[in-house]
Amino acid sequence: LDGLLAMNRARDWPQFRAALDRLHAPSANVTYADADGRIAFRTVGRLPLRGRGEGLEPLPAYEAGVEWRGLVPPAELPTLVDPPRGWAAAANSRVAPPGTGPLVSADNATDYRLRRIAQVLDAGDAHELESMRRLQVDWRNEQAALLLPALLPALDAATGLTDAEAVART
């Protein structure tokens, strides 16, 4: 809780980053923006420095070199500050390409939500409170857009749709 309180009281990115270092709960992604125009993103939490592997399969504890060597230092967690594209987002997707840092999670959401965020944010130079509100409740599903061309012909060929199914089809 001390880390969350410090995060809420931070006046700039260095203070905010120091507060993030105090968050020891399971990993999470935190975004940051300030009145000076700085934006940032960082993964927080404690991740093990593994002797071998990424924790995706059991390893024999009796073998040398498999034990944890401590925790990943906060400075080595995925971080993005003032990206050239002008925005930062995660949407539960993988935040760092495989092999570029510690594995934060192998159970990430597919990137279709992140692609939609990118599509909306890249479509304009400036966003304001109202455009961000619209983005928060945006129903466009990029995964559905990818799958529908293949699925709709099969549905069109289906017979015996209920009234509710026929309405949903339209």
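The values are calculated or read from the model by the stated rules, or taken from the named source; none is laboratory data. These figures come from a predicted structure and were not determined experimentally. We place every Cβ from the backbone using ideal geometry, glycine too, and count neighbours over all the protein chains shown. What goes into the accessible areas is simple: the full protein's heavy atoms, side chains included, and nothing from ligands, DNA or RNA. Shrake-Rupley method; radii C 1.70, N 1.55, O 1.52, S 1.80 Å.
Annotations for the structure displayed:
- With every protein chain in place, the range 1-151: carbon and sulfur % of accessible area (1.4 Å): 54 percent
- Percent of Cα pairs exceeding the 17 Å cut-off, where the set is the range 34-107: 54 percent
- Solvent accessible area, Å² - His127, 1.4 Å probe, full protein context: 80 Å²
- Spatial offset of the range 103-170 relative to the range 37-78 amounts to 33 Å, using the alpha carbon center of each.
- Top positive-direction residue, dipole computed over the range 2-158 with Cβ charges, set Leu49, Ala158, Gly70: Gly70
- A simple rule links phi to the HN-Hα coupling: the Karplus curve 6.51 cos²θ - 1.76 cosθ + 1.60 with θ = phi - 60°, which for the range 77-93 gives 6, x, 9, 9, 10, 6, x, x, 6, x, 7, 9, 7, 10, 6, 6, 8 Hz, with x for Gly and Pro.
- Loop-located trypsin sites (Lys or Arg not before Pro) in the range 6-107, at most 16 other Cβ atoms within 10 Å (DSSP): Arg11, Arg22, Arg38, Arg46, Arg52, Arg69, Arg85
- Heavy-atom accessible area, probed at 1.4 angstrom with all protein chains present, ranks Leu129, Leu71 as Leu129, Leu71, highest first.
- Net charge contributed by nearby residues that have their C-beta within less than 13 Å of Gly53 (K/R +1, D/E -1): -1
- Over the range 52-142, accessible surface divided per residue gives 73 Å², non-protein components excluded, 1.4 Å probe.
- Residue (of Phe16, Ala106, Tyr32) at the positive-pole extreme of the chain, dipole from beta-carbon charges: Phe16
- One quarter of the convex hull surface built on the alpha carbon atoms of the range 1-140 amounts to 10.2 nm², the projected area averaged over directions.
- Magnitude of the charge dipole for the range 84-170, about its Cα centre and with charges confined to Cβ atoms of Lys, Arg (+1) and Asp, Glu (-1), is about 220 debye.
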